[in-house]
1. Restricting attention to the stretch 396-431, which residues are touching a Leu at 6+ places or on another chain (Cβ under 9 Å) and aliphatic (A, V, I, L, M)?
2. Which is closer than 26 Å to ASP245 by Cα, under 22 Å from the mean Cα position of the chain (by Cα), among the small types (Gly, Ala, Ser) and surrounded by fewer than 23 Cβ atoms within 10 Å (Cβ to Cβ), of GLY496, GLY486?
3. For the stretch 228-270, name all the residues that are in contact (Cβ under 8 Å) with a residue 60 or more places away in the chain, assigned to a strand (DSSP E or B), in contact with a Leu (Cβ under 9 Å, 6 or more places away or on another chain) and over 19 Å from MET507 (Cβ atoms).
4. Looking at (1) free of Cβ contacts under 8 Å to residues at least 60 places away in the same chain; (2) of a type in the set (S, T, N, Q); (3) touching a strand residue (DSSP E or B) at 6+ places or on another chain (Cβ under 8 Å), which one does SER341 not meet, given that it meets all the others?
5. Using beta carbons and a limit of 6 Å, which pairs, at least six apart or on different chains, have the first residue in the stretch 288-309 and at negative phi and touching a residue at least 60 places away in the same chain (Cβ under 8 Å) and the second one open to solvent by 80 Å² or more (accessible area, probe 1.4 Å) and part of a strand (DSSP E or B)?
6. Failed condition for THR491, given (1) open to solvent by 60 Å² or more (accessible area, probe 1.4 Å); (2) not in a loop (DSSP other than H, G, I, E, B), with all others met?
7. Considering each of GLY420, GLY358 in turn, give the residue that is on the phi > 0 side of the Ramachandran plot and in contact with a Ser or Thr (Cβ under 9 Å, 6 or more places away or on another chain).
Amino acid sequence: MNCSISGEVPEEPVVSRNSGLLFEKRLIERHISDYGKCPITGEPLTMDDIVPIKTGKIVKPRPVQAASIPGMLGMFQNEWDGLMLSNFALEQQLHTARQELSHALYQHDAACRVIARLKKERDEARSLLAQAERQYPVSALNAPTANAPVLSNGKRAAEDEDLAPGAKKIHPGISSTIISELTDCNAALSQQRKKRQIPATLAPIDALESYTQISSHPFHKTNKQGIISLDILYSKDLIATGGIDTNAVIFDRPSGQILSTLSGHSKKVTSVKFVAQGESVLTGSSDKTVRLWQRSDDGNYNCRHILKDHTAEVQAVTVHATNNFFVTASLDGSWCFYELSSGTCLTQVFDTSGSSEGYTSAAFHPDGLILGTGTTESLVKIWDVKSQANVARFDGHAGPVTAISFSENGYFLATAAHDGVKLWDLRKLKNFRNFAPYDSETPTNSVEFDHSGSYLAIAGSDIRIYQVANVKSEWNCVKTFPDLSGTGKATCVKFGADSKYIAVGSMDRNLRIFGLPGEDAPTES
């Protein structure tokens, strides 16, 4: 009779009272201590259910391999190979443990820096409060004055603009209620992603291979040409573009009509984003401001807030998945977290490492609790939105990080810079693939995953579409579109709904749409 676990004749046989199965004593005792159940039937099993069987001493026959010198050498070789494989597995586990320890130590260091910064800001706030109380009695502060500043067309009060050089504005911070809202949104979106399937309406690869330019729309002024940002509202098929001519344009693609032109910035519009169902639009500009535009009943967009918390060019605006909050990133080395309804800056985050680098790009993770930012010093920084702590840094790029895009699967991050595109695995916090599509003199200006996470677009001197694969498989380039602007600089790219078309902005004033010829193509403006 053989042991039910090892299949060999047991040296100390025992039998289970419940199932009647025979086991080697040392094997079944170890299994019970680890799992507390029968390894064969899965029923609960304890030491008291095991009955020893008295037998005569068993002498195992010598194995065939041990009957000759060549056989013994082969047996020793197998044992040695097994030992080496086991040693290799242990070394791999040790390497992983070291990486996890290094990451934990880095997080601890980041937490210490955040605590130090908070203490410093608290002391500064107390000092400013004490100074204000000395200069202005409480009765004077509470008394209404004829010259009290008012808000007009969303502009901040005048005293916000009269801060002394180097003084910091005091922000209310992200409350526990908002953190709970962000956490609930994260849990809901994470659960949805586990059940996520590629939509059946997604454009297949053979369709993308047949895409060509189907329309071109000259939106912006001829004296200051260049579209440098765009966004698409999938539910209504609206496209927003931001130009060097200081304007943003809202365009209805199916009808081919311009719905509204947003004028008000004094310098180029570096970022434009739709909010929710297009009732609001956010624009960031090199004039150091962010504007929140509200749609009116006549279809035009009016400026509701002008946000002036940054002291340098605003390079990126990204909207949270709740559509209640948004983040702006600036060359002043900070990013701001805003409440959309009031236009209030809840917190302004500076890097406590002492570096003078500014932010050139920003994007929320699909779940909303992680923020990715790119810097002028070629770094990619990952932030925990709840604690505003820098939890990871990716280096290796050359030149400013021009664009950041998270895949809808939540695992991949694509970043673009002068040297091309890098793909990062957020589970292991490492770079797993690089694309260098252009020569050393041509920067990569934009990178974008489609909404399903199936395709990746890269824009530079041309536009290239890649099929998304996993970490180990090859990401194949399925289509390359030439830059038809004649400038050699495609500045931004975005997939339409279900990747049925691709919108491209370049350094001329035209928005170009690539898709299947004759399929739902609007007339050229």
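The values are calculated or read from the model by the stated rules, or taken from the named source; none is laboratory data. Bear in mind that the values here come from a model prediction, so they are computed numbers and not experimental data. Please note: Cβ atoms are built from the backbone with ideal geometry, for glycine as well, and neighbour counts cover all protein chains shown. These area figures cover heavy atoms from the full protein model, side chains too; ligands, DNA and RNA do not enter into them. Shrake-Rupley method; radii C 1.70, N 1.55, O 1.52, S 1.80 Å.
1. VAL401, ILE404, LEU413, ALA414, VAL421, LEU423, LEU426 - these are the residues of the stretch 396-431 that are touching a Leu at 6+ places or on another chain (Cβ under 9 Å) and aliphatic (A, V, I, L, M).
2. Numbers: GLY486 fails: under 22 Å from the mean Cα position of the chain (by Cα).
Result: GLY496 is the single residue among GLY496, GLY486 that is closer than 26 Å to ASP245 by Cα, under 22 Å from the mean Cα position of the chain (by Cα), among the small types (Gly, Ala, Ser) and surrounded by fewer than 23 Cβ atoms within 10 Å (Cβ to Cβ).
3. ILE232
4. Every condition holds for SER341 apart from (3).
5. Between residues of the stretch 288-309 that are at negative phi and touching a residue at least 60 places away in the same chain (Cβ under 8 Å) and residues that are open to solvent by 80 Å² or more (accessible area, probe 1.4 Å) and part of a strand (DSSP E or B), the close pairs are ILE306/LYS155.
6. Checking THR491 against (1) open to solvent by 60 Å² or more (accessible area, probe 1.4 Å); (2) not in a loop (DSSP other than H, G, I, E, B), the one that fails is (1).
7. Values: GLY358 fails: on the phi > 0 side of the Ramachandran plot.
Answer to the selection: GLY420.
Residues are listed down the side, and each one gets a yes or a no for (1) at pLDDT 95 or above; (2) over 19 Å from ALA111 (Cβ atoms); (3) within 13 Å of the chain's Cα centre (by Cα); (4) of a type in the set (Phe, Trp, Tyr):
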| site | (1), (2), (3), (4) |
| --- | --- |
| THR344 | no, yes, no, no |
| VAL349 | no, no, no, no |
| GLY354 | no, no, no, no |
| GLU357 | no, yes, no, no |
| ASP367 | no, yes, yes, no |
| SER387 | no, no, no, no |
| GLY396 | no, yes, no, no |
| THR402 | no, yes, no, no |
